[in-house]
1. Does residue 82 fit the bill of being open to solvent by 10 Å² or more (accessible area, probe 1.4 Å) and either of a type in the set (Asp, Glu) or touching a residue at least 24 places away in the same chain (Cβ under 8 Å) (or both)?
2. Go through 468, 461, 413 for me and flag whichever is over 20 Å from residue 304 (Cα atoms), buried (at least 19 other Cβ atoms within 10 Å of the Cβ) and of a type in the set (D, E, K, R).
3. Identify all residues within segment 249-286 that are among the hydrophobic types (A, V, I, L, M, F, W, C), open to solvent by less than 10 Å² (accessible area, probe 1.4 Å), more than 18 Å from the chain's Cα centre (by Cα) and on the phi < 0 side of the Ramachandran plot; write none if there are none.
4. Could you go through segment 354-365 and let me know if any residue there is open to solvent by less than 20 Å² (accessible area, probe 1.4 Å) and out of contact with any helix residue (DSSP H, G or I) (no Cβ under 9 Å at 6 or more places or on another chain).
5. Within segment 376-465, which helices (runs of 4 or more DSSP H) (wholly inside it) include 3 or more residues that are within 19 Å of residue 293 (Cβ to Cβ) and in contact (Cβ under 8 Å) with a residue 60 or more places away in the chain?
6. For segment 130-174, how many residues are within 13 Å of residue 552 (Cβ to Cβ), open to solvent by 40 Å² or more (accessible area, probe 1.4 Å) and in contact with a helix residue (DSSP H, G or I) (Cβ under 6 Å, 6 or more places away or on another chain)?
7. Just to confirm my filter: which helices (runs of 4 or more DSSP H) fall fully inside segment 1-72 and include at least 1 residues that are open to solvent by 10 Å² or more (accessible area, probe 1.4 Å) and under 22 Å from residue 93 (Cα atoms)?
8. Just to be sure I understand the filter: pairs with C-beta atoms under 7 Å, separated by 6 or more residues or on different chains, first member in segment 299-323 and in a helix (DSSP H, G or I), second member among the polar types (S, T, N, Q). Which pairs pass?
Amino acid sequence: MNRLSKETSPYLRQHMDNPVDWYPWGSKAFLAAVERDRPILLSVGYSSCHWCHVMAHESFENVDTAKMMNQLFVNIKVDREERPDIDTIYMESVQAMTGRGGWPMTVFLTPDGRPFFGGTYYPHQPHQQMPSFRQVMTAVDEAWTDRRPEIEKQADSLTAVIRQTAHTMDTIDIADNKPPRKQTTSDTTSGQELLRQASHNIVAAFDLEWGGFGIAPKFPGAMTLDAALRIYDKIGHSALLEGVCISLDGMASGGIWDHIGGGFARYSVDRQWLVPHFEKMLYDNALLARTYLHAWQATGNSAYRQILDETIDYVLRDLRLSAGGFCSAEDADSEGVEGRYYVWSKSEIENVVGAAVGKTAAKEAVEWWAVTTEGNFEGKNILHRPLGSELMRPTIVDQARAALFEHRRKRVRPGLDNKVLTEWNALMLATLCEAAAATRTPEWHDAAVANGEFLLSCSRRSDGRWLRSWQPGHKENSPTGNENSKEAARHLAYAHDYAALVDAFTRLAELTGKATWINEARKCADSLITLFADQSFPGFFTTGKDAEKLITRPKDIFDNATPSAQSSAATGLLRLARLSGNSSYSSHADAIVKRLTEVSVTHPTTFGRMLEAVDMTAGGLDEVVIVGDRPDLVEAVQVLYSPNTVLAWGEPYKSPLWHSRKEGYAYVCRNFSCQTPTADVEELRKQLNTCFD
């Protein structure tokens with residue numbers, strides 16, 4: 001019996017008609033494994049994963065393969081985006097066994113949840129020295145039946161490795177594999193020197209020909225690029241800015257950028273950013289929009305503003321639900337073919353643009369996007385600009401783009417994963433707040449407020465406990481029968497969710513001047529500390545103390561596709577501490593930063609967001625308070641690229657920043673000690689550009 005039809009995850013529901021007797025993760029599956037004395041087959045993936053679809057079509061939809069799965073195993077299907085705790089734990093085991101990871105992930109567990117064998121995608125037929133999925137299942141069954149003591153030993157060994165890895169931050173100094181020292185780099189090295197070291201390591205990691213980091217496949221690295229901009233703002237180092245601009249230009253030129261509809265794909269399969277893995281993720285677009293915003297502010301390059309506008313337009317147009325939440329992702333496939341929605345033949349472009357705009361426009365469009373008869377991807381064209389070409393489109397190309405956009409809308413769209421993940425929404429909310437403030441765009445302001453209100457009403461229980469995932473249209477999950485009810489949300493939120501909310505609500509307060517958002521940020525911060533803080537070592541566990549007990553309680557440290565809980569908490573708590581005056585927030589953040597400064601400076605491509613926290617502690621944060629109705633002073637602060645400035649304005653709230661302030665004036669402060677109050681915009685700008693002694 002397949003049990004996935006009532007799950008909120010679109011990924012799980014993609015498998016509800018499989019002949020596999022799938023269970024969702026839970027006690028029923030583990031009880032069944034104990035009663036049958038059979039191993040568990042854990043399959044982990046996500047809805048926009050191309051190879052997850054391939055394995056599903058080849059194996060999970062195959063009646064004979066499913067029969068074998070049902071006879072030999074208890075089968076559990078997990079959405080890694082809903083359950084990052086499960087994904088993280090068992091991915092560690094796969095990487096320990098195989099030296100690599102990825103999705104779909106297939107792991108075989110003992111009935112008590114200990115892994116003993118696993119891998120990623122297994123083909124239906126043997127391929128290039130890779131065994132077929134059925135061969136793997138047969139071998140696992142034989143080992144379970146005939147060599148159980150070996151299985152138990154392997155399970156114990158892998159579980160020990162997972163538990164050790166889960167607490168890397170506590171047990172070793174990551175930078176040099178030595179025991180933690182009483183004195184770290186941050187104790188003995190000046191802030192400026194730390195930033196210089198980080199800048200040299202970032203520059204050394206750049207691909208200075210095509211941009212980004214590494215060769216292929218190539219991921220955007222948005223957080224490291226953003227940290228590089230912050231560091232350049234502090235210390236200069238022209239090679240740092242050059243590497244950032246080459247990277248941003250390369251992505252905006254390549255096929256990883258959707259030149260017709262806006263938005264970024266997950267990654268490029270080549271070094272040149274040309275051929276994307278076509279799925280679009282909310283978090284990538286949130287993080288990249290933020291980086292392009294900051295690059296536009298820092299350089300004045302209008303092309304970066306164009307990318308910012310069109311990325312946010314894409315999210316608001318294609319990922320936003322009417323209730324205000326943002327969907328998780330769009331698939332790589334449409335009509336069962338990867339990339340079909342996005343690619344073009346030369347003749348199609350000529351016909352579409354020629355009919356709508358004219359032959360001259362068609363010729364210009366073909367030249368602009370380097371379109372050829374042969375194509376650059378399976379006989380079709382992924383639109384791109386040659387690296388180093390102008391990115392700002394002329395009017396005639398814009399007209400061609402509009403015609404192609406309308407024509408493309410008639411195609412079958414890729415599948416939409418419409419679950420609303422709290423963390424990813426908070427990342428997008430923070431970006432929207434910054435972008436709305438900096439660009440003075442009312443629609444973005446309104447979308448940010450709507451998203452904040454949506455999260456409060458739909459992703460939080462009545463007792464204040466935040467939840468991870470909400471999905472529309474599931475009235476059976478709501479006692480009230482209301483599909484927009486918060487009871488439609490599921491799974492206890494993780495430290496990542498809480499930390500991202502702290503930052504998002506803080507920035508929403510800075511955008512709107514409404515005290516309620518600072519109060520919500522404080523509630524999230526207090527719960528983050530209560531539920532997730534490690535009482536023995538710095539940092540936050542992934543799961544709350546009220547969560548299901550797994551084989552270990554992980555504590556992540558690496559900034560991968562999204563910020564780690566440690567870096568997200570550190571940056572959010574440092575900013576909130578300055579706005580609220582609560583030293584408890586900064587003490588938790590400072591402890592994390594102190595432990596991870598050295599490794600962040602040494603390995604900046606793995607600790608991009610953590611470098612932002614290092615920068616905050618190295619250079620300090622400025623507090624700006626604007627009292628009374630002075631929109632001109634507020635605008636003067638909001639439009640500046642000043643990443644280490646926090647802003648309090650509008651409705652006063654509990655904080656020493658508001659004590660004894662005079663209406664109509666701006667106060668620029670450091671550690672709550674302020675410069676001379678000013679009512680003049682130019683003087684305010686001058687003070688913001690002046691370093692404190």
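1. Details: open to solvent by 10 Å² or more (accessible area, probe 1.4 Å): no; either of a type in the set (Asp, Glu) or touching a residue at least 24 places away in the same chain (Cβ under 8 Å) (or both): yes.
When the stated conditions are applied, residue 82 does not pass them.
2. Values: 461 fails: buried (at least 19 other Cβ atoms within 10 Å of the Cβ); 413 fails: buried (at least 19 other Cβ atoms within 10 Å of the Cβ).
That would be 468, the only listed residue that is over 20 Å from residue 304 (Cα atoms), buried (at least 19 other Cβ atoms within 10 Å of the Cβ) and of a type in the set (D, E, K, R).
3. Listed by number, the residues that qualify are 252, 260.
4. No; the residues of segment 354-365 include none that is open to solvent by less than 20 Å² (accessible area, probe 1.4 Å) and out of contact with any helix residue (DSSP H, G or I) (no Cβ under 9 Å at 6 or more places or on another chain).
5. Of the helices (runs of 4 or more DSSP H) lying wholly inside segment 376-465, those with at least 3 residues that are within 19 Å of residue 293 (Cβ to Cβ) and in contact (Cβ under 8 Å) with a residue 60 or more places away in the chain span 422-439, 442-458.
6. Number satisfying all stated conditions: 2.
7. Details: elements: 10-13, 27-36, 50-55, 63-72.
Qualifying helices (runs of 4 or more DSSP H): 27-36, 50-55, 63-72.
8. Partner pairs satisfying both residue conditions: 311/285; 314/285; 315/285.
The values are calculated or read from the model by the stated rules, or taken from the named source; none is laboratory data. Just so you know, these numbers come straight off a predicted model, no measurement behind them. Cβ: placed from backbone, ideal geometry, glycine included. Neighbour counts: every protein chain shown. Remember, those area values only see protein heavy atoms, side chains included, never the ligands or the DNA or RNA. Shrake-Rupley method; radii C 1.70, N 1.55, O 1.52, S 1.80 Å.
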